[in-house]
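See below for the structure under consideration.
Here, each number is a calculation from the coordinates, and none is a lab measurement. Only a predicted model underlies this, so the values are computations on that prediction, with no experimental measurement involved. All Cβ positions, glycine included, derive from the backbone under ideal geometry; neighbour counts span all protein chains shown.
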Amino acid sequence: MALLEVEGLTRHFGGLRAVADLSFALREGEILGLIGPNGAGKTTVFHLVTGFLRPSAGEIRLAGRSLVGLRPHAVARRGIARTFQIVKPFPGLTVKENVALAAFLRHRARRDAEAAAAEVLERLELSHRSGTLASQLNLMDQKRLEMAKALATRPRVLLLDEPMGGLNPAEVDVASGMVERIREGGVAVILVEHVMKAIMRISDRVLVVNQGQKIAEGPPAAVVQEPAVLAAYFGKRVA
Amino acid sequence: MTRQLAPWLAGALLLAAVPALVESPFAIHVCILVLMWTALGAAWNLLGGFAGQVSFGHASLFGVGAYTTIILYLRAGVAPWWGMPAGGLAAALVSLPVGLLCFRLRGPYFSLATLAVSELVKLVALNWESVTNGPVGYLITALPPLRLFGHAVDWESKTPFYVVAAALALAALAATALLRRARLGAYLVAIREDEEAAEAVGIDTVRAKVLTLALSAFVAGTAGGFYAFYFRYVDPDAVLGLSLSMEMVFIAVVGGLGTVGGPLVGAVFLTTVGEAVRERFPSGHLVFYGLFMMLVIRFLPEGIWGRARRLATGLQERALRHGAA
C-alpha cells in the first residue's frame, strides 16, 4: 500500500476547475516531482492535501486513513508537513524559536522542543543562525528555515513548494542535497519545482499536471519526452 | 529561579506596604483603581498582546462579571467575595460561544465582531429587566459582615478593597508570566506572527484562541465582580460602555503589548493622567487618552515597558561586552 494515496481529487473555484479528477500515489521513501506550467494547480494540490482548502470531491489517505475534512493542524499531527512557496517564517522570532514552535507538536516540555529544534538545525546546517531573527535571514537560509520548521514536526510526508525558487545554481545544488538527505532520513517527499535540473536529478518519479489534470507520470527522463508534456510547456507545434 | 521570583516578591512587599504608608483615602482609592485597571489591562493583553487578537468588546466580559456578582448578592445572598470568581466563571462561559463563532474570522473581522457582541450584551442588559433591572441597574446598600482573624472587616475603610485589588492584579500578572512560559503562550505568539504558518506546524489556532479568550474573560469578569463589590453600583452605562473596552486597549498598548509588566505601567500612567485631566475636563478625558495613544503608537510602538526592557537588556549586553574585553 502506498503511503499517501490521492484519488479523484477535484477542486472548483466558482466555474474554474483548479484541480480535476487527479489521482496519484506516493510511496514510502520516495521523492515525487510535481511539475507543470504556471497555474497548473500544483500549489492547490498542496493546499488540498494539507487541509488549507477542502476538496470539492475526491479522497486523500495517509497510510490508509482519510484526511479529507481535517483542519491543517490535524493534518500536520497525522504526519504531513509542508513549506510555502513564499516562505512563512515567524518573522519576529529567532531561528531557534521558530523551529522549537514546530517541535512543540511532538514535545510537551519547552526543553525537549528546544533540543529537538537544535538537532534539526544541525541537520540543515543552520545552527550558526540559531539566535538570528527570522526576518533577517538571506533567501537561502529562509528556505532552510522553512524546511527546518516542517521537519521539526516529524512528518512522514513532506510537501515542498518551490524550495529552490530564486536560488543561484550553487545554492540549488546544496538544496538538492538537503532534500535527498531528508529522504534518507525516512521522509517521503513531494517536490513542486521549476528548476528542472534539480527535479531531474533527485526525483524518483515525476507527475506532470496541466490545467489541474494529470498529463504524464513516470521516471523523469521518460516523462520529458512525452508529446503531451512538450505541448503543455512549449505549445503544440513543437510537439 | 530566585532571580525570577525576586521582582515578584519585591512587588508584593511594596504592595503590602502601601496601606501602612499612605493615609489619604483618595490616594488609596487611586491605588485601587490602578490595580483594578492593571488586572483589566492584563486580561486584554493575554488575548490582544500575545495572540494579536484585538478585542473592542472586553467591557462586555467585565460587565457580565459585575452583574453576576451583584445579582448573586442581592438576589441570592451570595457574598461578593464568592461572587467575584463566580463573575469570572460567568464571563468565561459567555466567552466560549463568542470565541467559537468569532475566531473563525480573522484580523479586522474578529475585532468588528467583538464590537457587535458588546453592543448586543448592552442591549440585553438594558432590556432584560426581570434579571438586570434594565437601565436602573443595582445598588448595594450594605455589605455582609465578615470576620477575619478575630476582627470584623470595616467595609467603610478602603484598605480591605485595596487588599483584594492587589491580590487580583498580582494574580493577573502572574497568570501572564506563567502563560508566557507555557506551550500555549508560544502558540499564541506563533498565531500573532503568522496564523497560516502556525496551522501548518500543527497548532490548533482556534482552540488556542478560544482557551485564551476564556482565560482573559475570567480575569476581566473577576475584575468586574470587584468593581461591583467596591463601587456597590452596577448599571449598563457604568460597566458596559465602549469607553471601558477602549481604556483596556489603551492600557495594554501604552504599557507594552505582549509584556508581563506592561499593563501595570499602562494602568499607572493612564489612571494618574486620567484623574488629573478629569478634574479639568469632566467629559473630555477620553480625548487626551486618544491623543496620548497616538503619540505612543508613533514614538513608542513597543510601549513604555517594552522600550524600558529593551534599553535595560541593551545596557546589560554592553556591560557584559566591556567585562569580557
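A residue that is on the phi < 0 side of the Ramachandran plot, in contact with a helix residue (DSSP H, G or I) (Cβ under 7 Å, 6 or more places away or on another chain), touching a residue at least 60 places away in the same chain (Cβ under 8 Å) and not basic (K, R) occurs nowhere in region B:278-287.
For (1) aromatic (F, W, Y); (2) over 14 Å from the mean Cα position of the chain (by Cα); (3) at positive phi, each residue gets a yes or a no:
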| residue | (1), (2), (3) |
| --- | --- |
| B:M36 | no, no, no |
| B:Q53 | no, yes, no |
| B:G65 | no, no, no |
| B:T69 | no, yes, no |
| B:W81 | yes, yes, no |
| B:R104 | no, yes, no |
| B:P108 | no, yes, no |
| B:A113 | no, yes, no |
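State whether the residues of region A:208-222 include one that is away from chain B (no Cβ under 14 Å) and among the basic types (K, R). Yes, some residue in region A:208-222 is away from chain B (no Cβ under 14 Å) and among the basic types (K, R). Total residues in region B:134-176 satisfying the condition of being part of a loop (DSSP other than H, G, I, E, B) and in contact with a strand residue (DSSP E or B) (Cβ under 9 Å, 6 or more places away or on another chain): the figure is 5.
Yes/no matrix, rows are residues, columns are (1) polar (S, T, N, Q); (2) surrounded by fewer than 24 Cβ atoms within 10 Å (Cβ to Cβ); (3) without any contact (Cβ under 8 Å) to a residue 60 or more places away in the chain; (4) within 15 Å of B:L213 (Cα to Cα):
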{"site": "B:G41", "(1), (2), (3), (4)": "no, no, no, yes"}
{"site": "B:L46", "(1), (2), (3), (4)": "no, no, no, yes"}
{"site": "B:V64", "(1), (2), (3), (4)": "no, no, no, yes"}
{"site": "B:V78", "(1), (2), (3), (4)": "no, yes, yes, no"}
{"site": "B:G83", "(1), (2), (3), (4)": "no, no, no, no"}
{"site": "B:A116", "(1), (2), (3), (4)": "no, yes, yes, no"}
{"site": "B:V124", "(1), (2), (3), (4)": "no, yes, yes, no"}
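The test for being under 19 Å from B:L184 (Cα atoms), facing another protein chain (nearest Cβ under 7 Å) and within 21 Å of the chain's Cα centre (by Cα) holds for A:A102. On the basis of being assigned to a helix (DSSP H, G or I) and either more than 11 Å from chain B (Cβ to nearest Cβ) or closer than 27 Å to B:A182 by Cα (or both), does A:A74 make the cut? Here the answer is yes, as A:A74 does meet what is asked. When the residues of region A:77-99 are filtered to those that are out of contact with any Lys or Arg (no Cβ under 8 Å at 6 or more places or on another chain) and assigned to a helix (DSSP H, G or I), the one that is farthest from the other protein chains (Cβ to nearest Cβ) is A:K96.
Within region A:151-161, the set of residues being within 12 Å of chain B (Cβ to nearest Cβ) and over 16 Å from A:A74 (Cβ atoms) comprises A:L151, A:A152, A:L158, A:D161. Only residues that are of a type in the set (V, I, T), more than 14 Å from chain A (Cβ to nearest Cβ) and surrounded by fewer than 24 Cβ atoms within 10 Å (Cβ to Cβ) were counted in region B:205-252, giving 1.
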